[in-house]
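Peer 1: The following block contains the structure, expressed as structure tokens.
The values are calculated or read from the model by the stated rules, or taken from the named source; none is laboratory data. Just so it is clear, the structure is predicted and the values come from calculations on it, not from any experiment. So basically every Cβ, Gly included, is an ideal-geometry build from the backbone, and we count neighbours across all protein chains shown.
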Amino acid sequence: MTRVIVGVGGGIAAYKSCALVRRFTETGHEVRVIPTESALNFIGKATFEALSGHPVHTGVFADVPEVPHVRLGQEAELMVIAPATADLMARAAAGRADDLLTATLLTARCPILFAPAMHTEMWEHPATVANVATLRARGAMVMEPAHGRLTGSDTGAGRLPEPEEIFSFASLLLERTDAVPRDLEGRRIIVSAGGTREPLDPVRFLGNRSSGKQGYAIARVAAQRGAHVTLIAGNTIGLEPPASVEVVHVTTAEQLKVAVDKHAIGSDAVIMAAAVADFRPVNVAAAKIKKGADEPNSIELTKTPDILAGLVQSRRDGLLAGTAIVGFAAETGDEHADVLTHARAKLARKGCDLLVVNAVGEGKAFEVDHNDGWLLGADGTEIALDHGSKALLASRVLDSLGPLLR
Ligand code: CTP
């Protein structure tokens, strides 16, 4: 059982911390909640006590013989501060210890994750920018806030990322034994995700089982490592757009190609995690195809463009000079060869820099939350990707991509 401290700052987004606490407890973590005094203006102590199953204090003078700020900090395996207000991050950056939460931040030696929430002006203020830089320089992870509707009628950067997104990133910090680097600052990365759909008539299509989870995880982790990410999303199982990522929605392989080619220009990397249809119906009926005299007995198909191969060709032609290209391969072994042999042949055929290989079938890779596989490099390197969350696999792919960027 992992010991997690959820620190709650005094902002309206404090209500979302309840869902986060719940997410940790129901996945078997031992959670202690430490709100600031002002957080209790938004959520009552009793709520946090009931959700965590532990008493809740804001000051250092409760339970004095227990010296809770030292004990809690020393025992914690992860601290997540959500919402992290401008004031709370300023106090943390200054090393103050004027309440239980900031005192505990000083005694903790575990990974610390801040999930900021504030108005755009406050997030962009040089004071906050400097405080965030200080916290990051000391090894804390400060998430990028989401863009969108703020407390009033205004919109901008500063929304608290959704509890599920904070939970997923927090889980990654627990899963990875080494720190998640912030190594993609200033980089522009294009990620395609999800499956394409090729229409047959107004109600039917040819599609595939891709959920989009792996591509979304790559987009999410890349953005949290500082990249400007454009996510070109096909069909997914209704995934929430990741915080701080630009999302372009497409349906067909042709639309995906147009979007990828457009956004790839001048980018640092393109990661093709989308499951692209290889074939599409030649004719798309304008009206619903009916049973009866005119019913078809076969569907004529034609090949769709190979987007990945097209990117590699564009780079050879000098159009995408300096753009790293990553492909995915979902493979099964067959009577000719095993998964890795097929994958090595695919890497050579496609000509990309990295190929992420997943063995599929029997409940693996598609639709599930965990993944494993191999990462093959054009330089002959082969890295086994251990079984873990899709965020962990994403972060390992980005670890290998980093050194390839110009
Ligand atoms: N891909 C693509 N365009 C296509 C098909 C696939 O860009 N029309 C990309 C996928 O996004 C993935 C990689 O190519 O990154 C490999 O996809 P996969 O379907 O495994 O490859 P195929 O070339 O279709 O090979 P296979 O013969 O195994 O179907």
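Peer 1: Quick check on this structure: which one of Gly28, Gly11, Gly73, Gly44 is in contact (Cβ under 8 Å) with a residue 12 or more places away in the chain and surrounded by fewer than 14 Cβ atoms within 10 Å (Cβ to Cβ)?
Peer 2: On inspection, the qualifying residue turns out to be Gly28.
Peer 1: Would you confirm whether any residue within the range 253-261 is at pLDDT 95 or above, assigned to a strand (DSSP E or B) and closer than 22 Å to Gly310 by Cβ?
Peer 2: No, the range 253-261 contains no residue that is at pLDDT 95 or above, assigned to a strand (DSSP E or B) and closer than 22 Å to Gly310 by Cβ.
Peer 1: In the list Ala103, Ala93, Ala97, Ala39, which residue meets the criterion of being in contact (Cβ under 8 Å) with a residue 24 or more places away in the chain, at negative phi and surrounded by 24 or more Cβ atoms within 10 Å (Cβ to Cβ)?
Peer 2: The conditions single out Ala39.
Peer 1: Then there is this: Could you tell me which of the residues Val250, Val260, Val270 is farther than 15 Å from Val397 by Cα, within 13 Å of the ligand (Cβ to nearest atom) and surrounded by 22 or more Cβ atoms within 10 Å (Cβ to Cβ)?
Peer 2: Val260
Condition check ((1) free of Cβ contacts under 8 Å to residues at least 60 places away in the same chain; (2) under 24 Å from Glu165 (Cβ atoms)) across all residues:
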site	(1), (2)
His342	yes, no
Lys346	yes, no
Asp386	yes, yes
Pro403	yes, no
Arg406	no, no
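Peer 1: Give the range 288-338 a look and list any residue that's in a loop (DSSP other than H, G, I, E, B), within 12 Å of the ligand (Cβ to nearest atom) and among the basic types (Lys, Arg), or say none.
Peer 2: Residues satisfying the conditions do not exist here.
Peer 1: Further question: In this structure, does Val284 turn out to be among the hydrophobic types (A, V, I, L, M, F, W, C) and either away from the ligand (no atom under 16 Å from the Cβ) or loosely packed, with under 14 Cβ neighbours inside 10 Å (or both)?
Peer 2: yes
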